[in-house]
Amino acid sequence: MDKLINDFSFGLFIWQVVIFVGLILLLKKFAWKPILDAVNEREDGIKSALLSAENARKEMQNLQADNQRILQEARLERDGMLKEAREIKEKMIADSKTEAQAQGLKMIEQAKAAIESEKNAAMAELKSQVSNFSIEIAEKLLKDELSNKEAQTKLVEKMLGDVKLN
């Protein structure tokens, strides 16, 4: 250290200070400013990337919430449609049963009416036949009774006896 102090040159020191200050100024103008600008630009890029990532995360959360909401709505809509389909099915079954019962009753009524009509026709036929038989029997009886003169007078007297005069 003594040697440094003994060999010290004031002019050399000033030149070294001037060169050092010039070097600092050159570095400031040409190196520090671009380096600091690059560092600041990089910092801004990182900040914007972090902000974009945060926004993307928030958007993903919103999308997930929307997806959950849409899924819930779809499930509710599906359940509603299934319930409506069941109700329609049950209504169709009930309507079919009611219609079948109504048609069954209608067929029964028609069958009853047909039976009643056949019965009335059979009764009319039977009455017709009975009356024909009665007429034939009466005719035969009257022929037998009216062929005999004595039986005719008895019959007339008997009928006169049955008739009351006022």
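The values are calculated or read from the model by the stated rules, or taken from the named source; none is laboratory data. If you're wondering where the values come from, they're calculated on a predicted model, not measured in any experiment. Ideal geometry is used to build each Cβ from the backbone, glycine not excepted, and the neighbour counts take in all protein chains shown. Areas reflect the complete protein model, heavy atoms only, side chains present, ligands, DNA and RNA absent. Shrake-Rupley method; radii C 1.70, N 1.55, O 1.52, S 1.80 Å.
Overview of results
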read-out: Test set (1) loosely packed, with under 10 Cβ neighbours inside 10 Å; (2) of a type outside the set (A, V, I, L, M); (3) part of a helix (DSSP H, G or I) - PHE8 fails condition number; value: (3)
read-out: From the options LEU142, LEU71, residue that is more than 30 Å from MET159 (Cβ to Cβ) and open to solvent by less than 100 Å² (accessible area, probe 1.4 Å); value: LEU71
read-out: Filtered residues of segment 108-153 (kept if within 60 Å of the chain's Cα centre (by Cα) and basic (Lys, Arg)); value: LYS112, LYS119
